[in-house]
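Enquirer: Would you mind keeping the following structure in view while I ask a few things?
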Amino acid sequence: MSSENWFARLNAGDQDAMEGLLNEYGAMMAYVVRGILTDPHEAEDCLAEVRAKLWEKAACYDGEKAGLSTWITALCRNAAYDRRRALARRASRAGALDPNAPDPKPGPEEEALRAERTAALRRALNTLSFPDQRLFYRKYYYLQSTAQMAAELGITERAMEGKLYRIRKKLQKQLGGDVL
Amino acid sequence: MKQDEFDQKLMDEVSQLPPIPDFIRSCTPWQSAVRKILWGMGLCTFRFEFFYLQYLLPLLGCVLLYLGCRTLGQENRWFRLTGRLAGLFLAIHMVHLVLCATPVMGTIEQNHPLSFGLGLLFSLIPMGILFCLRQGTQGAFTAPDGTRPKDYLGRALLAYAACIAIAIWCELVPLTAPSEGPISFGPQITNKFLYTSRSIAFILLYILVLVWVGRQGKALAGRGYDITPAPVRVPGWTLLAAVFLFAAAAVPTASILSARLPMPPARELSQVQGDQSVRVQLEELGMAPELAELLDDHELEQCRKAQMVLPLAPDHLYNQKHLGSWIDGNDVLCPMDDGLSRLTCWAVVLPDRQVRYYQFFQWTEKPTLSLQESFTGDLDYHPCDNFSGCLAWTEEGRTLSVPLAVQLGGGQTPEELPAWALEWYDGELAALGHLKYIPYVTFSMPRKGEEVRGFLAWTEDRSGEEPQEKEYFKIIPILRHQNSWLLFPFQPVTSLAATQSLGVNSPFPTSCASFSTAAKVPW
């Protein structure tokens, strides 16, 4: 079924469409989320959140901008990553909210700096070979564990650590020492 | 900046740089495993019979098959069994490769039940792999509500079973027959349609197997993320390198170790020399001392009543163009490998129209390689018996010798020959009642030995013939030497020893010449 058809049916409130979509992409969604969130309960909560988002955002999907699987993958990755960051923040604050803490939203200056950093990272990534870029995205975008990457690529964890170390060093060099 | 901080920064920043579309689709461990299995099965089955690819590609295929099955091994017991079968298949291939470098493989191939069993093993293991893969796939991808995935692997299994059925049928019902006529280029087809269609059917069925395995992979691509790949202890490239390094080391080693022929224990020549008076008599009649000194008690007894010793003169050189042999007096000298061989022949005329032939060889320059050698006699159409052979050499100032067991080729009776051969060999059959015997000895030269030499002898009975004014004596000695230490697949020198083949383009260069003489004899 084409992505347009999926979303036409989802927008029409067709329950079977959601079931079919989950049958088709459920395993992939779980794969992305479980790579980022190692706690199975958190991963399950996140998947429930993504399923809800699929309902909500079905109308926002633009088939011309991205393929269906790409869109769903991005949805899963961002939801899982946000949840992971929130968990990390919660752990570091130990539950206490500081009323004097600055607004976490980036200001215009921070936005401009971030755009520069992103451009620099893009240039640095382009210097990596294609296989190294794939490893980089598995590690830093999908946050997969070294063990998982090693098993899926048929190499030992030690060899994978070596590869990631070399990629990191190369990027550090490209990005001018330790500044990012 | 610490490593963790740098990593965290990268994670944050890369959110703005999503990967290429469908990146995650290429990550599924199922797809990569199926791809390896597919390539593995293809390489194990479709063979390219040149540049040793018929051995190398199946080995590569087995490694890929094993790597693919190994990835799935953690998922369920069927996948685990698939991995073990693939490992067994790889091990059998490695052993087979090594055995191909030894005479053992030839022995297995000549034994029909063993050869058939080996072929069956090579066919049934992939079938077992397919079966376990199918069971594992059905187990791993059955939905909680009991919905099973499309069973493409089941179809592949059926197609493979049909391939095996065709193979067994071909084995049981031969579609070919030995060709008739003296000039033949292989077996004759008894049923042209079946002969051609069985190969086409086999190829089509096997392509179907691969197509269905591929389809199963694609059908489950979206759900392949459910597979948890097994952790890797030995990386794929390391395993591949280890397998090929093993092959590169084991094959030449097996080839060298098995190429040397077993030799009986040597004795000092002085211990086997008997009645000196006969030897002196033979030398006085014209036998060269280099041959006379090799004759033991038994040989001297054979020649006790010698009337004449006739040196035979070389009258035709075979293989001169390829090896550059030449005639020097009554000797034929022939460079082979990095050595130089010498051939010479004598006929010892005995009473009662008996003749004892001696064809003698010597390595005047010993070649570096001393693996398989053979020395064959091509006889005339007379009844012959009392075959004997001897190898001698000098080692640490002593002359050592071993008797060589003479084997006989040829000798087929008319009942054992096809119809065309009765006409083709009518001369031999009329004179002897069977094809002439071709005596030969096989041996390996002692590593430390110098002046390696030897002879092949037999007695010819001419009592059934009318006496001639001049009797004609002719023999063709054939000396073969293995010139390559790596003989893969292994080829025994015996495959040529009982033939008149000149061994051009074979690993056994052949020194061969016709020796003859005509003389009045006191019969």
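The values are calculated or read from the model by the stated rules, or taken from the named source; none is laboratory data. This one's a predicted model, so the numbers in the text were calculated from it and none came from an experiment. A quick note on method: Cβ atoms are made from the backbone with ideal geometry, for glycine too, and the neighbour counts reach across all protein chains shown.
Enquirer: Suppose the filter is more than 29 Å from residue B:224 (Cα to Cα), of a type in the set (A, V, I, L, M) and more than 9 Å from every other protein chain (Cβ to nearest Cβ); does residue B:43 pass it?
Expert: no
Enquirer: Here are B:299, B:290: which of them is surrounded by fewer than 17 Cβ atoms within 10 Å (Cβ to Cβ), assigned to a helix (DSSP H, G or I), modelled with pLDDT of 90 or more and outside the structural domain of residue B:68 (by TED's automatic domain parsing)?
Expert: That would be B:290, the only listed residue that is surrounded by fewer than 17 Cβ atoms within 10 Å (Cβ to Cβ), assigned to a helix (DSSP H, G or I), modelled with pLDDT of 90 or more and outside the structural domain of residue B:68 (by TED's automatic domain parsing).
Enquirer: For the structure I just gave you, tell me whether residue B:214 is assigned to a helix (DSSP H, G or I), in contact with a Gly (Cβ under 9 Å, 6 or more places away or on another chain) and on the phi < 0 side of the Ramachandran plot.
Expert: No.
Enquirer: Go through the stretch B:1-40 residue by residue and tally those that are of a type in the set (Val, Ile, Thr), within 30 Å of residue B:213 (Cα to Cα) and at the interface with another protein chain (Cβ under 9 Å from one of its Cβ atoms).
Expert: Count: 3.
Enquirer: Scan the stretch B:93-102 residue by residue and report those that are in contact with a helix residue (DSSP H, G or I) (Cβ under 6 Å, 6 or more places away or on another chain) and closer than 12 Å to residue B:487 by Cβ.
Expert: Listed by number, the residues that qualify are B:101, B:102.
Enquirer: Name, by its number, the condition in (1) crowded, with 19+ Cβ neighbours inside 10 Å; (2) more than 14 Å from chain A (Cβ to nearest Cβ); (3) part of a loop (DSSP other than H, G, I, E, B) that does not hold for residue B:61.
Expert: Of the numbered conditions (1) crowded, with 19+ Cβ neighbours inside 10 Å; (2) more than 14 Å from chain A (Cβ to nearest Cβ); (3) part of a loop (DSSP other than H, G, I, E, B), the odd one out for residue B:61 is (3).
Enquirer: Test each condition in (1) closer than 22 Å to residue B:227 by Cα; (2) more than 14 Å from chain A (Cβ to nearest Cβ); (3) of a type outside the set (Asp, Glu) for residue B:93 and report the one that comes out false.
Expert: Condition (1) is where residue B:93 drops out.
Enquirer: Identify, by number, the condition in (1) farther than 29 Å from residue B:507 by Cβ; (2) buried (at least 16 other Cβ atoms within 10 Å of the Cβ) that residue B:305 doesn't meet.
Expert: Answer for residue B:305: the failing condition is (2).
Enquirer: To continue, here is another question. If you go through the stretch B:367-374 one residue at a time, do you hit one that is β-branched (Val, Ile, Thr), surrounded by fewer than 16 Cβ atoms within 10 Å (Cβ to Cβ) and within 28 Å of the chain's Cα centre (by Cα)?
Expert: Yes, the stretch B:367-374 contains a residue that is β-branched (Val, Ile, Thr), surrounded by fewer than 16 Cβ atoms within 10 Å (Cβ to Cβ) and within 28 Å of the chain's Cα centre (by Cα).
Enquirer: Under 8 Å between Cβ atoms, at least 6 apart or on separate chains: pull out the pairs that start in the stretch B:89-118 with a residue that is farther than 13 Å from residue B:490 by Cα and surrounded by 15 or more Cβ atoms within 10 Å (Cβ to Cβ) and end on any residue that is at pLDDT 95 or above and of a type in the set (Asp, Glu).
Expert: none
Enquirer: Specify the residue that is nearest to the chain's Cα centre (by Cα); the eligible residues are those in the stretch B:19-39 that are touching a residue at least 60 places away in the same chain (Cβ under 8 Å), within 30 Å of residue B:96 (Cα to Cα) and surrounded by fewer than 21 Cβ atoms within 10 Å (Cβ to Cβ).
Expert: Filtering the stretch B:19-39 for residues that are touching a residue at least 60 places away in the same chain (Cβ under 8 Å), within 30 Å of residue B:96 (Cα to Cα) and surrounded by fewer than 21 Cβ atoms within 10 Å (Cβ to Cβ), the one nearest to the chain's Cα centre (by Cα) comes out as B:38.
Enquirer: Which members of the stretch B:217-233 meet the condition of being more than 8 Å from chain A (Cβ to nearest Cβ), of a type outside the set (Lys, Arg) and in a helix (DSSP H, G or I)?
Expert: B:217, B:219, B:221
Enquirer: List pairs: first residue in the stretch B:469-486 and over 16 Å from residue B:332 (Cα atoms), second residue of a type in the set (Lys, Arg) anywhere in the structure, Cβ distance under 6 angstrom, at least six positions apart or on different chains.
Expert: Pairs that qualify, where the first residue is over 16 Å from residue B:332 (Cα atoms) and the partner is of a type in the set (Lys, Arg), are B:470/B:520.
Enquirer: Looking only at residues in the stretch B:319-360 that are of a type in the set (Asp, Glu) and part of a strand (DSSP E or B), which one is nearest to the chain's Cα centre (by Cα)?
Expert: B:331
Enquirer: Here's something else I'd like to know. Provide a single number: the residues in the stretch A:23-38 that are farther than 15 Å from residue B:226 by Cα and either within 13 Å of chain B (Cβ to nearest Cβ) or in contact with a helix residue (DSSP H, G or I) (Cβ under 8 Å, 6 or more places away or on another chain) (or both).
Expert: 2
Enquirer: In this structure, is residue A:47 part of a helix (DSSP H, G or I), in contact with a helix residue (DSSP H, G or I) (Cβ under 6 Å, 6 or more places away or on another chain) and either closer than 24 Å to residue A:149 by Cβ or in the same structural domain as residue A:152 (by TED's automatic domain parsing) (or both)?
Expert: So residue A:47 fits the description; yes.
Enquirer: Another question, if that's okay. Given the criterion assigned to a helix (DSSP H, G or I), surrounded by fewer than 21 Cβ atoms within 10 Å (Cβ to Cβ) and among the small types (Gly, Ala, Ser), identify the matching residue among B:42, B:68.
Expert: The conditions single out B:42.
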